[in-house]
Every structure is written in C-alpha cells, then in structure tokens.
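**Q** Here it is, the structure, as structure tokens.
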Amino acid sequence: LYDELILTGNQIRQVPVSSFNGLKVKRLYLDDNPIERVESGALVELANYLEELVISVNSQQQQQQMTPSEKPRLSASLFQSLLNLKIVKFNGLDLIGSFSPPSESGDDDVGLLRANTFNRTRKLEMIHLVDAGLVKLERNSFAGIESTLRELNLDNNQLTSNEDIFNELKRMKRLQ
C-alpha cells in the first residue's frame, strides 16, 4: 500500500481503464497535466484504498479558450466505486454523467450535477469542482454526504439558480 502517487506536471493525456491495475494508493495527484480523457472505470482498481484524488488540466489548457466540446470531461460515475474518498479536487474538467434517468434532452448531462452523484462516497469531507462546467445542481446532488462534507468549492462555474445552490447548502450539517 502506497501513501501517495504524485504524477503532477507530467504529459499525461489519457488515463485508460488498466492504468492502476495492481496498485494500492491512498492519495493520487494527477494535477497540471494536459488531460484529455479519463476513461470510465479507470480508477476502479483503487476503489478500496483511494482517499484523496486531485486531477487538473495544465495551465496551458486553462488559458486556452476551449469550446465545451473540446474541454476534457470526467465521468461522474467514478464516484460510485471510490467508497473511501475523503478529498476530491478537480480543476478544468467538465463533470458529466448521471445515476438517475437520463435527461429528456438525451445529452450526457454536461453542466448538470445529478442527484445522488456522491451517495456512495459517504466519507467525503472536501469537494472542489473548480471550472467544472456546472450550470445547475439537481436536488439531492450531495445526498449521502450531508453529515461529512466540511468544504465545498464550486468556483468558476456557471451556476445560475441561487435557490438550487442554497437548498443544497442548507442540508449540509458540517459545512464550514
């Protein structure tokens, strides 16, 4: 079991499913990389061990004016297997996907933080979803972590509904 795997400031573009086979890591740092894609299920091998996950695009990507289709995307389904996560920090990646029925528009829910996204990660204390392309929080977006979440950072998103945001925040018992 390794305490941490630091891959900060490299040239990692893809994180395929087999990337972490056989590894047992508590903290994984993939920040400041030119990430283009993290495959769904890429972190499943770390499910029983991973407590902290940091992923961010590099500063060059952040400075570019990418269209929404060019921006790297990360599937929200990764949270369904990472049961021991305590800290999540994403910067510059759009969070997509859902666990409830698909939206009526049929798209992949870019910009929508779906209900129950974190319902299986009941140890989460800190979430940073910075520049994650969020436009709307669905009711119960943070279901399951109301009593554990201490810190929430949603900087540089396009959230517009104060009511949605504050209704979610009111349910948080430990939020500082």
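The values are calculated or read from the model by the stated rules, or taken from the named source; none is laboratory data. None of the values given here were measured: they were computed from a predicted structure. All Cβ positions, even for glycine, are placed from backbone atoms using ideal geometry, and neighbour counts span all protein chains on display. Note: areas computed on protein heavy atoms with side chains; ligands, DNA, RNA excluded. Shrake-Rupley method; radii C 1.70, N 1.55, O 1.52, S 1.80 Å.
**Q** Out of all the residues in the range 40-50, which are over 14 Å from residue 93 (Cβ atoms) and assigned to a loop (DSSP other than H, G, I, E, B)? Talk me through it step by step, then tell me what you get.
**A** Residues of the range 40-50 over 14 Å from residue 93 (Cβ atoms): 41, 44-50.
Correct list: 41, 47, 48, 49, 50.
**Q** Let me ask something else about it. Anything in the range 11-39 that is in contact (Cβ under 8 Å) with a residue 40 or more places away in the chain and in a loop (DSSP other than H, G, I, E, B)? List them, or say none.
**A** Correct list: 35 only.
**Q** Could I ask something else about it? With respect to the numbered conditions (1) within 17 Å of residue 93 (Cα to Cα); (2) at pLDDT 95 or above, which one is the sole condition not fulfilled by residue 34?
**A** Every listed condition holds for residue 34 apart from (2).
**Q** Restricting to the range 138-176, and then to whatever is hydroxyl-bearing (Ser, Thr, Tyr) and open to solvent by less than 60 Å² (accessible area, probe 1.4 Å), can you tell me which residue is modelled with the lowest pLDDT?
**A** Filtering the range 138-176 down to residues hydroxyl-bearing (Ser, Thr, Tyr) leaves 141, 147-148, 160-161.
Add one more test, that the residue is open to solvent by less than 60 Å² (accessible area, probe 1.4 Å), and what stays is 141, 148, 161.
Values: 141: 90, 148: 95, 161: 78.
Restricting to residues being hydroxyl-bearing (Ser, Thr, Tyr) and open to solvent by less than 60 Å² (accessible area, probe 1.4 Å), the top hit is 161.
**Q** Which residues, counting only those in the range 135-156, are in contact with a Gly (Cβ under 7 Å, 6 or more places away or on another chain) and either touching a residue at least 60 places away in the same chain (Cβ under 8 Å) or of a type outside the set (A, V, I, L, M) (or both)?
**A** 136
**Q** Could you list, in sequence order, all residues of the range 111-122 that are more than 8 Å from residue 145 (Cβ to Cβ), not polar (S, T, N, Q) and not in a strand (DSSP E or B)?
**A** Answer for the range 111-122, where residues must be more than 8 Å from residue 145 (Cβ to Cβ), not polar (S, T, N, Q) and not in a strand (DSSP E or B): 111, 114, 115, 120.
**Q** Now, a different point. Of all residues in the range 30-45, which are among the β-branched types (Val, Ile, Thr) and buried (at least 19 other Cβ atoms within 10 Å of the Cβ)? Outline the logic, then answer.
**A** From the range 30-45, those among the β-branched types (Val, Ile, Thr) are 35, 38, 44; that's our starting set.
Listed by number, the residues that qualify are 35, 38.
**Q** Find the residue count for the range 1-29, including only residues that are open to solvent by 50 Å² or more (accessible area, probe 1.4 Å), of a type in the set (Val, Ile, Thr) and within 17 Å of residue 41 (Cβ to Cβ).
**A** Counting residues in the range 1-29 that are open to solvent by 50 Å² or more (accessible area, probe 1.4 Å), of a type in the set (Val, Ile, Thr) and within 17 Å of residue 41 (Cβ to Cβ) gives 1.
**Q** Is it true that residue 56 is outside any loop (DSSP other than H, G, I, E, B), closer than 20 Å to residue 113 by Cβ and at pLDDT 90 or above? Please lay out each step first, then the result.
**A** Values: outside any loop (DSSP other than H, G, I, E, B): yes; closer than 20 Å to residue 113 by Cβ: yes; at pLDDT 90 or above: yes.
Answer is yes for this residue.
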